[in-house]
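Here's the structure, in structure tokens; my notes come after.
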Amino acid sequence: MWRGGATAASAARALRSRLYPDPIHHPATSLAPIASARASSSAPSVASANNVVEAAAAASAAVSVSQQAGSVSDALRHYGRCYWELSKARLSALVVATSGAGYVLGSGNIVDMAGLCCTCAGTMMVAASANTLNQVFEIKNDSKMKRTMRRPLPSGRISPAHAAVWAASVGAAGTALLAWKANGLAAGLAASNLVLYAFVYTPLKQIHPVNTWVGAVVGAIPPLLGWAAASTELSLNAMILPAALYYWQIPHFMALAYLCRDDYLAGGYRMFSFADPTGKRTAWVSLRNCLYMLPLGLFAYNWGLTSQWFGLEASLLTMGLTIGALSFMLEPSPKTARRMFYGSLLYLPAFMAGLLLHRQPNEQKVQNMAEKSELDGVLYEADLQDEERARQKREDKKPPRVQSRPPVAYASVAPFPFLPVPIYES
């Protein structure tokens with residue numbers, strides 16, 4: 001039994017020696033299969049490693065591109081929001097609305113829509129520049145007030161130099177657009193209002209309460225700008241909307257200054273309401289300016305700016321605002337001041353809507369257009385006469401034409417005298 005097992009084991013060893021040579025006596029032969037197996041197994045592993053590296057590089061490139069795109073979009077969103085807040089877009093939109101109303105009132109029978117759009121765009125840019133400069137000069141004051149401490153400059157979201165560059169560029173662009181598409185008078189009014197707001201009204205807020213009246217002048221200029229852009233001149237009936245805006249701003253800001261006295265005091269501003277602890281004088285100033293607005297509707301009808309219906313509507317509107325100011329004077333309190341403030345917010349759009357609804361075409365603009373058309377016709381006739389004279393002179397300078405005589409019909413005479421003589425038309 002053991003012998004049979006040994007015999008079988010020896011036979012197995014012999015077979016294995018034939019299949020797998022001895023590594024000691026035949027090292028090359030014995031290592032060849034192992035090397036070939038390793039080579040065959042290492043080739044796919046290298047290729048897969050290269051694929052993994054390429055995939056990782058592509059993924060990292062895609063991630064970097066997405067990060068760059070995300071950073072660009074975030075930067076655009078951030079600065080766009082900052083520019084929006086620096087420009088005080090809602091306040092600038094109100095300025096644009098008054099300028100556009102002035103443009104429509106100063107137009108003739110037909111409103112030039114392209115000119116209106118360019119005037120509104122230029123006014124918007126100049127207003128954005130003025131509001132930005134106002135915030136650049138008042139960083140410290142705004143940082144002390146609860147109402148303004150979250151603005152871009154006090155909160156540090158944008159640098160003052162960046163804001164100043166934005167203000168200068170957009171202000172110059174708006175003034176240039178008005179000079180190009182409107183006229184020099186409109187551009188001059190825009191530039192002067194920018195200077196008055198940023199360099200006179202803004203520092204005056206910390207010096208004297210008269211700043212409220214200077215600010216009212218600033219608010220009254222945009223309608224004049226629109227009128228000048230439409231009619232290239234200023235007339236008496238162009239003062240209706242600016243006068244309404246001037247007198248409207250006094251009760252509006254008096255109520256606001258009374259409601260925000262503590263905030264304005266913390267910011268270092270000098271307001272009229274500070275020297276009036278009871279609020280009686282502040283309310284009286286508001287009531288007085290409301291009374292000044294009562295005859296404006298009648299003036300607009302008398303001067304040919306609107307129909308007679310606007311005189312009635314404007315008087316009723318002003319009476320409502322006057323009643324609010326009277327209640328504020330009889331009982332100075334935050335409640336009555338807030339009521340008058342909200343009433344002033346409703347008054348202005350209603351007043352401007354009535355002006356535009358009942359407006360009459362600007363007679364001066366119509367007359368100017370008629371005179372211009374007549375002058376153009378005269379100049380056109382003169383040009384035609386000049387061209388006719390020049391053509392006649394050219395004709396006179398040409399040598400006269402020699403009229404050719406018809407040929408003699410010799411063939412009709414001989415040798416066939418019986419044939420008729422040909423006739424030639426000259």
statement: Expected output for segment 348-361 (first residue more than 15 Å from Y103 (Cβ to Cβ), partner at pLDDT 90 or above and acidic (D, E), Cβ below 8 Å, 6+ apart or cross-chain) is G354/E313; H358/E313
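Name the one entry in Y301, Y269, Y247, Y292 that is open to solvent by less than 50 Å² (accessible area, probe 1.4 Å) and either aromatic (F, W, Y) or not assigned by the TED database to the domain that holds L357 (or both). Lay out the reasoning, then the answer.
Working: Y301 fails: open to solvent by less than 50 Å² (accessible area, probe 1.4 Å); Y247 fails: open to solvent by less than 50 Å² (accessible area, probe 1.4 Å); Y292 fails: open to solvent by less than 50 Å² (accessible area, probe 1.4 Å).
Just a single option satisfies the conditions, and that option is Y269.
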query: Can you name the condition, by its number, that E363 falls short on among (1) at pLDDT 65 or above; (2) surrounded by 10 or more Cβ atoms within 10 Å (Cβ to Cβ)?
result: (1)
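Residue-wise test of (1) modelled with pLDDT of 75 or more; (2) buried (at least 17 other Cβ atoms within 10 Å of the Cβ).
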site: M319; (1), (2): yes, no
site: S333; (1), (2): yes, no
site: M340; (1), (2): yes, yes
site: M352; (1), (2): yes, yes
site: Q385; (1), (2): yes, no
site: R391; (1), (2): yes, no
site: Q403; (1), (2): no, no
site: V421; (1), (2): no, no
site: S426; (1), (2): no, no
field: Residue in segment 233-242 that is modelled with the lowest pLDDT, counting only those that are assigned to a helix (DSSP H, G or I) and open to solvent by 60 Å² or more (accessible area, probe 1.4 Å)
entry: L236
message: Restricting to segment 104-114, name every residue that is open to solvent by 10 Å² or more (accessible area, probe 1.4 Å) and either over 22 Å from L245 (Cα atoms) or among the hydroxyl-bearing types (S, T, Y) (or both).
response: N109, I110, V111, D112, M113, A114
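When you scan segment 261-275, how many residues do you find that are out of contact with any Ser or Thr (no Cβ under 9 Å at 6 or more places or on another chain) and among the hydrophobic types (A, V, I, L, M, F, W, C)?
If we filter segment 261-275 for residues that are out of contact with any Ser or Thr (no Cβ under 9 Å at 6 or more places or on another chain), which is where we start, we get 262, 265-266, 268-270, 274-275.
Now narrow it down to the ones that are among the hydrophobic types (A, V, I, L, M, F, W, C): 265-266, 274-275.
Residues in segment 261-275 being out of contact with any Ser or Thr (no Cβ under 9 Å at 6 or more places or on another chain) and among the hydrophobic types (A, V, I, L, M, F, W, C): 4 in total.
Can you spot a residue in segment 173-188 that is of a type in the set (S, T, Y), open to solvent by less than 10 Å² (accessible area, probe 1.4 Å) and assigned to a helix (DSSP H, G or I)? Show your work before the answer.
Going through segment 173-188, the residues of a type in the set (S, T, Y) turn out to be 175.
Right, trim to open to solvent by less than 10 Å² (accessible area, probe 1.4 Å) and you get none.
No, every residue in segment 173-188 fails to be of a type in the set (S, T, Y), open to solvent by less than 10 Å² (accessible area, probe 1.4 Å) and assigned to a helix (DSSP H, G or I).
Which members of segment 206-232 meet the condition of being under 25 Å from the mean Cα position of the chain (by Cα) and either open to solvent by 20 Å² or more (accessible area, probe 1.4 Å) or farther than 17 Å from N362 by Cβ (or both)?
Restricting attention to segment 206-232, the residues satisfying the condition of being under 25 Å from the mean Cα position of the chain (by Cα) are 215-232.
Result: G215, A216, V217, V218, G219, A220, I221, P222, L224, T232.
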statement: Expected output for segment 284-311 (first residue touching a residue at least 60 places away in the same chain (Cβ under 8 Å) and assigned to a helix (DSSP H, G or I), partner hydroxyl-bearing (S, T, Y) and open to solvent by less than 10 Å² (accessible area, probe 1.4 Å), Cβ below 9 Å, 6+ apart or cross-chain) is A300/T306
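The values are calculated or read from the model by the stated rules, or taken from the named source; none is laboratory data. This structure is a prediction, so every number in the text was calculated from the model and none was measured. Cβ atoms come from the backbone with ideal geometry, glycine included; neighbour counts cover every protein chain shown. Ligands, DNA and RNA are excluded from the accessible area calculation, which covers all protein heavy atoms including side chains. Shrake-Rupley method; radii C 1.70, N 1.55, O 1.52, S 1.80 Å.
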